[in-house]
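One structure below.
The values are calculated or read from the model by the stated rules, or taken from the named source; none is laboratory data. Predicted model, so just to flag it, every value in this text is computed and none were measured. Glycine also receives a Cβ, built like all others from the backbone with ideal geometry; neighbour counts cover every protein chain displayed. Accessible surface areas use protein heavy atoms only, side chains included; no ligands, DNA or RNA. Shrake-Rupley method; radii C 1.70, N 1.55, O 1.52, S 1.80 Å.
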Amino acid sequence: MKIYSHSKLSTFEQCQLKYKFRYIDKIKPDIEETIESHLGSAVHDTLEWIYNSVKDNPEEVPNLDEIINYYIKVWQRDMSENILIVKKQFTQKDYLNKGIQFLADYFQEHYPFKDGTIECEKEIIIKLDDNTKIKGFIDRLVYNIEEDYYEIHDYKTANILPSQEKMNEDKQLALYSIAIKEMYGKNKEVVLIWHYLAHNQKIISKRTEEELEKLKDETKNLIKEIEQTENFTPNKSILCGWCEYKSICPEFNIQLDENLSKNILSKRINPFPEIQEDKNKKNLDIWDEKPI
């Protein structure tokens, strides 16, 4: 039985050579983690802890101080000297404070976190055919009892806010919804919800049965393409600056990528516009850095 993940499939679509290095050659990467992925992991872990705490003890909902303290402990626990910071104008503490802002905004919007959460980090399996499965993890699965539908929640810590049109074509949560329908009933509606924490906004989308069947066919075709590929070609883009295999990529040109990054950053007055010191927000005494 062949088992794929959305990450594995998207890596092939992003760069075939990177796919080969990671999944076929299994080369140990130069960069094990970036500061962006460290931030994402710490925020995800904290949100998981919040909802699990509420499920275990609904009468004792964590307050904002407890949430931030938990986040800081996770941040420090998993911090390593090998974590890469691509944007050299920012420090680890800048990113730490960024996560605090995410959690403070989320707290104000979603407290007391009692929304019908079934499970966090729920493992799901989608059977494409007799020989192929897709395995994944849902950040948070919710049953909306009032509307009688399921919600798949996904947290995003990236700065970029995608369009509604783009998310209507997103494959990951759509694939996960196939598994939820198989578990709870084909007739059950599944709503896809992305939390873009840097913007304190949600993007919501749905899929029809026809769209899900089309996605299954497209996914099977993509897997067939992967398995038939012999020449894994690189795809050069701005993402190369974050690639853990750039030192061994024959197409990587460090000077060009640095110029690309500088051109992009020069168009943005403040790459982290969401991080601003707000004197009206309580319980944020840890913010002792000047506003960026």
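Taking each residue of region 58-78 that is closer than 23 Å to Lys114 by Cα and looking for partners that are of a type in the set (Val, Ile, Thr) and part of a loop (DSSP other than H, G, I, E, B) with beta-carbon atoms closer than 9 Å, six or more apart or interchain, yields Ile68/Ile286. Within region 36-49, being at pLDDT 95 or above and not hydroxyl-bearing (Ser, Thr, Tyr) holds for His38, Leu39, Gly40, Ala42, Val43, His44, Asp45, Leu47, Glu48, Trp49. Screening region 123-145 for residues that are within 16 Å of the chain's Cα centre (by Cα) and of a type outside the set (Lys, Arg) and picking the one that is nearest to Lys186 (Cα to Cα) gives Leu141.
The condition of being out of contact with any helix residue (DSSP H, G or I) (no Cβ under 9 Å at 6 or more places or on another chain), within 20 Å of Glu211 (Cβ to Cβ) and buried (at least 19 other Cβ atoms within 10 Å of the Cβ) holds for Glu151. Keeping to region 50-90, report how many residues are open to solvent by less than 70 Å² (accessible area, probe 1.4 Å), at pLDDT 95 or above, under 30 Å from Ile31 (Cβ atoms) and not β-branched (Val, Ile, Thr). Residues flagged as open to solvent by less than 70 Å² (accessible area, probe 1.4 Å), at pLDDT 95 or above, under 30 Å from Ile31 (Cβ atoms) and not β-branched (Val, Ile, Thr) within region 50-90 amount to 3. Taking region 123-136 as the range and being in a strand (DSSP E or B) and open to solvent by 20 Å² or more (accessible area, probe 1.4 Å) as the test, the residues that pass are Glu123, Ile125, Lys127, Lys133, Lys135.
Among residues that are β-branched (Val, Ile, Thr) and surrounded by 18 or more Cβ atoms within 10 Å (Cβ to Cβ), Ile100 is included.
Candidates are the residues of region 183-202 that are over 16 Å from Val142 (Cα atoms) and not basic (Lys, Arg); the one that is most open to solvent (accessible area, probe 1.4 Å) is Asn187. Being under 30 Å from Glu218 (Cβ atoms) and surrounded by fewer than 17 Cβ atoms within 10 Å (Cβ to Cβ) is not true of Asp115. I'd like to check something: does region 137-154 contain any residue that is over 23 Å from Lys55 (Cβ atoms) and either in contact (Cβ under 8 Å) with a residue 24 or more places away in the chain or assigned to a strand (DSSP E or B) (or both)? Among the residues of region 137-154, not one is over 23 Å from Lys55 (Cβ atoms) and either in contact (Cβ under 8 Å) with a residue 24 or more places away in the chain or assigned to a strand (DSSP E or B) (or both), which makes the answer no. Evaluated against (1) over 15 Å from the mean Cα position of the chain (by Cα); (2) more than 16 Å from Tyr51 (Cβ to Cβ); (3) free of Cβ contacts under 8 Å to residues at least 60 places away in the same chain, Trp194 falls short on exactly one condition, (1).
The set of residues from region 25-38 being surrounded by fewer than 20 Cβ atoms within 10 Å (Cβ to Cβ), out of contact with any strand residue (DSSP E or B) (no Cβ under 8 Å at 6 or more places or on another chain) and either touching a residue at least 24 places away in the same chain (Cβ under 8 Å) or on the phi > 0 side of the Ramachandran plot (or both) comprises Lys26, Ile27, Pro29, Asp30, Glu32, Glu36. For region 207-250, a tally of residues being under 30 Å from Met1 (Cα atoms) and either of a type in the set (D, E, K, R) or open to solvent by 80 Å² or more (accessible area, probe 1.4 Å) (or both) returns 19.
Any idea which residue in region 159-182 is farthest from Ile100 (Cα to Cα), counting only those that are surrounded by fewer than 21 Cβ atoms within 10 Å (Cβ to Cβ) and of a type in the set (S, T, N, Q)? If we take residues in region 159-182 being surrounded by fewer than 21 Cβ atoms within 10 Å (Cβ to Cβ) and of a type in the set (S, T, N, Q), then Asn168 is farthest from Ile100 (Cα to Cα). Residues in region 1-24 that are in contact with a strand residue (DSSP E or B) (Cβ under 8 Å, 6 or more places away or on another chain) and among the polar types (S, T, N, Q): Ser5 alone.
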